[in-house]
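One structure is given below, encoded as structure tokens.
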Amino acid sequence: MRPFDSLTLMQFCWAFLAILGFSIRVNLKGIKILFTSLAGGLSWAFYLIILYYSSSVLFSVFISIILVCIYSEILAPRLRTPVSVFVTCAIIPLVPGRGLFQSMQYYIAGNNVQASKSILETMLIAGTISISIALVSSVTNLVNKLINRF
């Protein structure tokens, strides 16, 4: 799969539509629904493109979350919405739910070695997501303090 083909575009559209439904479900109003949906679609598209070039799932998740968090930090003040609304919607496509499901299946089947391997991968992805969000948030706070100081 190449990064800029019809399959990537299709997956972007599905992520966009999934977050569109989620945004409606959590009672977002107006243009915010469009921008949160765009954030979700972009996070998945960035992930696929970076995964193609790097072949590392953790690096792809890290960079895509950083890019989407920057998008959220720029857009949230303009729409007078908390950044957490955009970030929460944007990370949903990258949350490792499949890994948790597979881990439980392996444990139930009695395959503890494979279950431990799967849960470790899942925890690494979840940790990468949280670290990248914290990194962008900290840098943004630092930049805002420096700008307000001078």
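The criterion of being out of contact with any helix residue (DSSP H, G or I) (no Cβ under 8 Å at 6 or more places or on another chain) and on the phi > 0 side of the Ramachandran plot does not hold for SER84.
Collect the residues in the range 62-80 that are in contact (Cβ under 8 Å) with a residue 12 or more places away in the chain and crowded, with 17+ Cβ neighbours inside 10 Å, keeping them in residue-number order. Let's see the steps before the verdict.
In the first step, residues of the range 62-80 are kept if they are in contact (Cβ under 8 Å) with a residue 12 or more places away in the chain; the result is 62-73, 75, 79.
The answer is PHE62, ILE63, SER64, ILE65, ILE66, LEU67, VAL68, CYS69, TYR71, SER72, GLU73, LEU75.
For the range 100-112, the condition holds for no residue, the condition being that it is closer than 18 Å to PRO3 by Cα and exposed (fewer than 14 other Cβ atoms within 10 Å of the Cβ). The set of residues in the range 113-150 being surrounded by fewer than 16 Cβ atoms within 10 Å (Cβ to Cβ) and among the polar types (S, T, N, Q) consists of GLN114, SER116, SER130, SER138, ASN141, ASN144, ASN148.
Can you tell me which residue within the range 42-61, out of those that are surrounded by fewer than 20 Cβ atoms within 10 Å (Cβ to Cβ) and of a type in the set (Phe, Trp, Tyr), is nearest to PHE12 (Cα to Cα)? Within the range 42-61, the match that is nearest to PHE12 (Cα to Cα) is TYR52.
Coordinate-derived values only; no laboratory data. As the structure is a computational prediction, the values presented were derived from the model and not from experiment. Ideal geometry is used to build each Cβ from the backbone, glycine not excepted, and the neighbour counts take in all protein chains shown.
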